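**Student:** Sharing a structure below in structure tokens format, with a few things to ask.
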Amino acid sequence: MAEQKTVTFIITRQDSPDSTPYDETFNVPYRKNMNVISGLMEIRKNPVNAKGEKSTPVAWDMNCLEEVCGACSMVINGVPRQSCAALVDELEQPIRLEPMSTFPVVRDLVIDRERMFDALKQVKAWIPIDGSYDLGPGPRMPEKKRQWAYELSKCMTCGVCLEACPNVNDKSNFIGPAPISQARLFNAHPTGEMNASERLEGLMEEGGLVGCGNAQNCVQVCPKGIPLTTSIAAMNRAATIQSFKNFFGSDNAH
Amino acid sequence: MAENREFFYRRLHSLLGVVPIGLFLINHLVVNHFAVYGEESFNKAASFMHNLPFVLALEIFVIYLPLLFHAILGVYIVFTAKNNVKRYNFVRNWLFFLQRFTGIVTLVFIAWHVFETRVQVALGADLDYGLMEGILTSPVMFWFYVIGVLSAVFHFANGLWGFLVSWGFAQSPRSQKIVTYATLLIFLVVSYIGIRTLIAFAYGV
Ligand code: HEM
Ligand code: SF4
Ligand code: FES
């Protein structure tokens with residue numbers, strides 16, 4: 001009888017937010033077309049490590065399982081990416097799984113991306129349309145622009161670009177590339193444009209645009225291929241103009 | 001401005017790197033290039049610069065204060081980065097790292113260089129060809145100066161790229177690429193001007 005093929009995972013685990021991380025190795029039975037998450041599910045079914053000791057199931061985060069929610073990001077063989085889209089057949093073994101180091105660990109591979117949502121609040125990455133009466137339909141968006149904006153709208157707040165950025169770390173307050181690109185997306189929208197300067201103000205606050213040092217790793221690693229460095233430079237330009245208006249004053253409403 | 005202090009200081013840091021510090025660097029290396037045309041040309045040029053009207057005020061406002069601001073904030077910026085070129089082995093990431101590395105090397109070099117030249121002149125040494133010849137005929141100092149000049153010029157050229165991106169001049173990937181090549185050319189040309197001068201002092205050719 002053919003020997004049962006196995007997949008080896010070396011996982012950086014951490015029992016609680018403040019406890020010390022440690023490595024644990026697991027061998028799980030191989031199946032065709034497995035992804036990293038199905039491997040983690042095998043461990044959950046039978047949490048026995050490679051030494052044959054009974055362990056605890058490894059905790060991880062997930063939602064959509066089709067690379068659109070961003071919840072399952074982790075560092076796989078040194079590369080931050082979505083574990084649902086990481087196929088075991090395409091990975092070198094043993095497969096090393098670590099939580100993304102830029103974010104606080106909740107448990108094992110589960111991290112807390114709250115800082116990204118706070119950053120989206122800082123740059124007001126939404127379109128305010130609530131009012132006390134019906135404002136009617138907004139201006140229309142040219143189809144060409146809609147297609148362009150769609151690319152920026154693919155961001156799933158997965159955190160991979162923050163993980164790769166040398167300026168996002170515990171010594172700096174830089175919000176990272178993703179929220180900057182989101183501010184650009186909403187500033188390009190015909191209705192969102194009406195509050196453009198408020199988003200620029202957010203980008204000019206502490207931890208905003210100037211935290212970027214142009215290492216440009218973000219654009220290389222973004223799983224959605226978002227032109228992050230172009231967005232950052234575009235917002236740099238807009239913020240330059242906004243700061244001149246703020247300083248010298250401007251006759252144009254802003 | 002009051003509420004966007006960080007933004008203001010970082011943009012000022014960026015601007016000062018080009019105007020006046022970058023312009024001074026180019027001027028400094030070009031004027032020193034007179035050494036290549038002989039001792040007399042250099043002495044004439046150096047004494048012209050040294051005897052400019054208001055020279056102390058010019059030095060303070062065009063060089064010392066901007067450089068001090070840029071260097072102090074620069075060191076802070078260096079230590080807030082967590083370099084990761086091993087894991088993310090991309091050209092731009094390397095240049096990001098080198099921008100910080102050459103910043104520190106340049107700082108050490110400038111401190112040494114100012115002490116050895118400007119401070120000595122203030123203490124009574126003669127500012128002439130012989131001063132630099134005396135320093136640069138030592139092979140150790142020659143190579144120290146080569147490293148210092150290359151690192152300052154790299155820092156300026158790559159910094160110019162950063163300046164153009166930080167202020168939003170170069171936005172699209174293509175324009176950023178063109179600026180990369182343009183600043184590479186600036187690095188090569190200005191490096192040649194600087195190194196050629198060092199050779200003139202060290203070997204008299
Ligand atoms: C010869 C003297 C110097 C020149 C001509 C110079 C020039 C420049 C220029 C043009 C920039 C680009 C600004 C930008 O990114 O927008 C820059 C950035 C930088 N400089 Fe300097 N600089 C000099 C000395 C120093 C020193 C002594 C330090 C201290 C370590 C330093 C640290 C930095 C850092 C860390 C950056 C990157 C800033 C960022 O990416 O946000 N520089 N420099
Ligand atoms: S910009 Fe890309 S890498 Fe960054 S959070 Fe959005 S999808 Fe993830
Ligand atoms: S589970 Fe949604 S991106 Fe992986």
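The values are calculated or read from the model by the stated rules, or taken from the named source; none is laboratory data. Since the model is a prediction, treat every value here as computed from it, not as a measurement. All Cβ positions, glycine included, derive from the backbone under ideal geometry; neighbour counts span all protein chains shown. Keep in mind that these areas ignore ligands, DNA and RNA; they rest on the heavy atoms of the full protein, side chains included. Shrake-Rupley method; radii C 1.70, N 1.55, O 1.52, S 1.80 Å.
**Student:** Calculate how steeply helix B:173-203 sits against the longest principal axis of the alpha-carbon atoms of chain B, using the helix alpha-carbon long axis, and give the answer as 0 to 90 degrees to the nearest 10.
**Tutor:** For B:173-203 against chain B, the angle is about 20 degrees.
**Student:** Take every residue in peptide A:126-139, count the Cβ atoms of other chains within 10 Å of its Cβ, and give the average of those counts.
**Tutor:** 0
**Student:** I would also like to ask the following. What nm value, rounded to one decimal, do you get for the distance between A:VAL106 and B:TYR203 when each label is placed 7 Å out toward the C-beta?
**Tutor:** Output for this residue pair reads 6.6 nm.
**Student:** Between B and A, buried accessible area summed over both sides at probe 1.4 Å, in Å² to the nearest 100?
**Tutor:** Rounded to the nearest hundred, the buried surface is 3000 Å².
**Student:** Quick check: pseudo-label points 7 Å beyond the Cα along Cα→Cβ at A:SER55 and A:GLN93, how many nm apart are they?
**Tutor:** The two pseudo-label positions are separated by 1.6 nm.
**Student:** Follow-up question, since we're still on this one. Need the full-extension length gain, B:LEU123 to B:GLU3, defined as separation in residues times 0.36 nm minus the C-alpha distance. One decimal, nm.
**Tutor:** Stretched fully, the B:LEU123-B:GLU3 segment lengthens by 38.8 nm.
**Student:** Here is a follow-up. Please arrange B:TRP167, B:TRP112 by accessible surface area, largest first, computed with a 1.4 Å probe and ligands excluded.
**Tutor:** Correct descending sequence by accessible area is B:TRP112, B:TRP167.
**Student:** Would you calculate, for chain A, the mean residue ellipticity at 222 nm contributed by helices, counting each DSSP H stretch of 4 or more residues as -39,500 (n - 2.57) and dividing by all residues, to the nearest 500?
**Tutor:** -9500 deg cm²/dmol, from helical runs alone.
**Student:** Sticking with this structure for a sec: GNM on chain B, C-alpha springs below 10 Å: top fluctuator among B:PHE42, B:PHE61, B:PHE24?
**Tutor:** The residue with the greatest mean-square fluctuation here is B:PHE61.
**Student:** Roughly how many nanometres apart are two label points built 7 Å out from the Cα toward the Cβ at A:LYS171 and B:GLU133?
**Tutor:** Distance between label points: 4.5 nm.
**Student:** Say R0 is 22 Å: what FRET efficiency, to the nearest 0.05, do B:SER172 and B:LEU98 get from their beta-carbon distance?
**Tutor:** That pair, B:SER172 with B:LEU98, gives E of 0.40.
**Student:** Another question about this same structure. Would you kindly derive the ³J(HN,Hα) couplings of segment A:213-221 from the backbone phi angles with the Karplus curve 6.51 cos²θ - 1.76 cosθ + 1.60 (θ = phi - 60°), listing them in order in whole Hz, with x for Gly and Pro?
**Tutor:** x, 6, 6, 6, 5, 4, 5, 6, 9
**Student:** Here is a follow-up. Stretched out fully, how many nm does the piece from A:LYS121 to A:THR6 gain, at 0.36 nm a residue minus the Cα gap?
**Tutor:** 36.9 nm
**Student:** Efficiency by 1/(1 + (r/R0)^6): what FRET value for B:TRP112 and B:VAL91, r their Cβ-Cβ distance, R0 = 35 Å, to the nearest 0.05?
**Tutor:** Efficiency at R0 = 35 Å is approximately 0.70.
**Student:** R0 = 25 Å: FRET efficiency of B:ILE195 with B:VAL62, Cβ-based, nearest 0.05?
**Tutor:** Between B:ILE195 and B:VAL62 the formula returns 0.55.
**Student:** Right, something else. Give me the accessible area of B:HIS28, 1.4 Å probe, in Å² rounded to the nearest 10.
**Tutor:** In the full protein context, B:HIS28 sits at about 60 Å².
**Student:** Still on this structure: Label 7 Å along Cα→Cβ of A:ILE129; segment A:186-216 residues with amide nitrogen under 17 Å?
**Tutor:** Taking a point 7 Å out along Cα→Cβ of A:ILE129, the residues of segment A:186-216 whose backbone N falls under 17 Å are A:186-196.
**Student:** Give the relative contact order (percent, whole number) for segment B:1-91; include only Cα pairs under 8 Å separated by 6+ residues.
**Tutor:** Value for segment B:1-91: 34 percent.
**Student:** Here is a further query. Using only Cα atoms, find the angle between the long axis of helix B:91-114 and the longest principal axis of chain B, and express it within 0 to 90 degrees, rounded to the nearest 10.
**Tutor:** Long axis of B:91-114 versus the principal axis of chain B: about 30 degrees.
**Student:** Counting only C-alpha contacts under 8 Å and six or more residues apart, can you give the relative contact order of chain A as a whole percent?
**Tutor:** Averaging sequence separation for qualifying contacts and normalising by length gives 16 percent for chain A.
**Student:** Output the 0 to 90 degree angle, nearest 10, between the alpha-carbon long axis of helix B:23-32 and the longest principal axis computed from the alpha carbons of chain B.
**Tutor:** On a 0 to 90 degree scale, this one is about 30.
**Student:** Shifting gears a bit: Tell me, what is a quarter of the convex hull surface for the C-alpha atoms of the protein assembly as shown, in nm² with one decimal?
**Tutor:** 31.5
**Student:** While we're looking at this one, here's another question. When ligands, DNA and RNA are left out and all protein chains stay put, how many square angstrom of accessible area per residue does segment A:114-248 have with a 1.4 Å probe?
**Tutor:** Averaged over the residues of segment A:114-248, the accessible area is 46 Å².
**Student:** Mind grabbing the accessible area of B:ARG118 for me, 1.4 Å probe, Å², rounded to tens?
**Tutor:** Counting only protein heavy atoms, the figure is 60 Å².
**Student:** Excluding B:TYR88 itself, what net charge comes from residues whose Cβ is under 14 Å from its Cβ, given Lys and Arg +1 and Asp and Glu -1?
**Tutor:** Its environment carries a net charge of +4.
**Student:** Moving to a separate point now. For chain A, modelled as a GNM with alpha-carbon contacts under 10 angstrom, which of A:ILE127, A:ILE175, A:ILE37 fluctuates the most?
**Tutor:** Of A:ILE127, A:ILE175, A:ILE37, the most mobile in the Gaussian network model is A:ILE127.
**Student:** Show that you can apply the helix-only estimate: for chain B, add -39,500 (n - 2.57) for every DSSP H stretch of four or more residues, divide by all residues, and state [θ] at 222 nm to the nearest 500.
**Tutor:** Taking each H run of at least 4 residues, the total per residue is -23500 deg cm²/dmol.
**Student:** Give me a single rounded figure for B:77-88: the average over its residues of other chain Cβ atoms within 10 Å of their Cβ.
**Tutor:** Averaged over the peptide's residues, the number is 6.
**Student:** Could you work out the mean count of beta carbons from other protein chains within 10 Å of each residue's beta carbon in A:160-172?
**Tutor:** Taking all residues of A:160-172 together, the mean is 4.
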